[in-house]
Amino acid sequence: MPRIDRATADVAASPADVFAAFVDPDALAAWLPPSGMTGELADADLRAGGGFTMTLTYDVPPEGGGKTTSDSDVTHVVIDELVPDERVVWGVEFDSDDPDQAGRMTMTWTFTALDGERTRVAVDATDVPAGIDVDAHQQGLDASLAQLAGWFAGS
């Protein structure tokens, strides 16, 4: 059975505003990197069929180093699907020489309207490569969602 990692958060924004944070390169670069990392977005073509490259650099590198270098993870993302105000689907591949950390993971982000100007944002990561630590990945998903919620709180 393929591995699925999940996370959810309630965000003080409408589904339309949340969707906009996925298709605006400045917004995406601001909220996507989890805490403890800085991110650099490159080659951003944020439309269905487009994609981007994100280089995440650890503030404190993990024991054994990052997936790509001793202190970084580089991901290449293809945007498989965009459904305005409802869903974003990414195909994500880590740049890694370790075959256990390589392979294509699918991340499906869904936006469900709650009361007023609040949205439940959920992410399902499927086909997660076996070499990606379960706990670290969960922390990363949770942290990115917290950054998204914080981005709206600060805007």
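The values are calculated or read from the model by the stated rules, or taken from the named source; none is laboratory data. None of these values were measured; they are calculated from a predicted model. All Cβ positions, glycine included, derive from the backbone under ideal geometry; neighbour counts span all protein chains shown.
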### Query
Hey, any hits in the stretch 79-102 for a residue that's within 28 Å of Ala153 (Cβ to Cβ), modelled with pLDDT of 95 or more, in contact with a Gly (Cβ under 7 Å, 6 or more places away or on another chain) and aliphatic (A, V, I, L, M)?
yes
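If I filter the stretch 106-130 down to residues being in contact (Cβ under 8 Å) with a residue 60 or more places away in the chain and of a type outside the set (A, V, I, L, M, F, W, C), which single residue comes out as surrounded by the most Cβ atoms within 10 Å (Cβ to Cβ)? Step through it out loud before you land on a result.
Within the stretch 106-130, the subset in contact (Cβ under 8 Å) with a residue 60 or more places away in the chain is 109, 111-114, 117-128, 130.
When the remaining residues are screened for being of a type outside the set (A, V, I, L, M, F, W, C), the result is 112, 117-120, 124, 126-127.
Numbers: Thr112: 14, Glu117: 13, Arg118: 16, Thr119: 25, Arg120: 15, Asp124: 16, Thr126: 14, Asp127: 14.
This residue is Thr119.
Which one of Ala143, Ala136, Ala149, Ala113 is within 15 Å of Ala16 (Cα to Cα), among the small types (Gly, Ala, Ser) and within 14 Å of the chain's Cα centre (by Cα)? Full working, then the answer.
Numbers: Ala143 fails: within 15 Å of Ala16 (Cα to Cα); Ala136 fails: within 15 Å of Ala16 (Cα to Cα); Ala113 fails: within 14 Å of the chain's Cα centre (by Cα).
Exactly one of Ala143, Ala136, Ala149, Ala113 is within 15 Å of Ala16 (Cα to Cα), among the small types (Gly, Ala, Ser) and within 14 Å of the chain's Cα centre (by Cα), namely Ala149.
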### Task
Specify the residue that is surrounded by the fewest Cβ atoms within 10 Å (Cβ to Cβ); the eligible residues are those in the stretch 1-36 that are of a type in the set (A, V, I, L, M, F, W, C), modelled with pLDDT under 95 and part of a loop (DSSP other than H, G, I, E, B).
Met1
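If the requirement is being exposed (fewer than 14 other Cβ atoms within 10 Å of the Cβ) and either free of Cβ contacts under 8 Å to residues at least 24 places away in the same chain or in contact with a Cys (Cβ under 7 Å, 6 or more places away or on another chain) (or both), which of these qualifies: Gly64, Gly39, Gly49?
Numbers: Gly39 fails: exposed (fewer than 14 other Cβ atoms within 10 Å of the Cβ); Gly49 fails: either free of Cβ contacts under 8 Å to residues at least 24 places away in the same chain or in contact with a Cys (Cβ under 7 Å, 6 or more places away or on another chain) (or both).
On inspection, the qualifying residue turns out to be Gly64.
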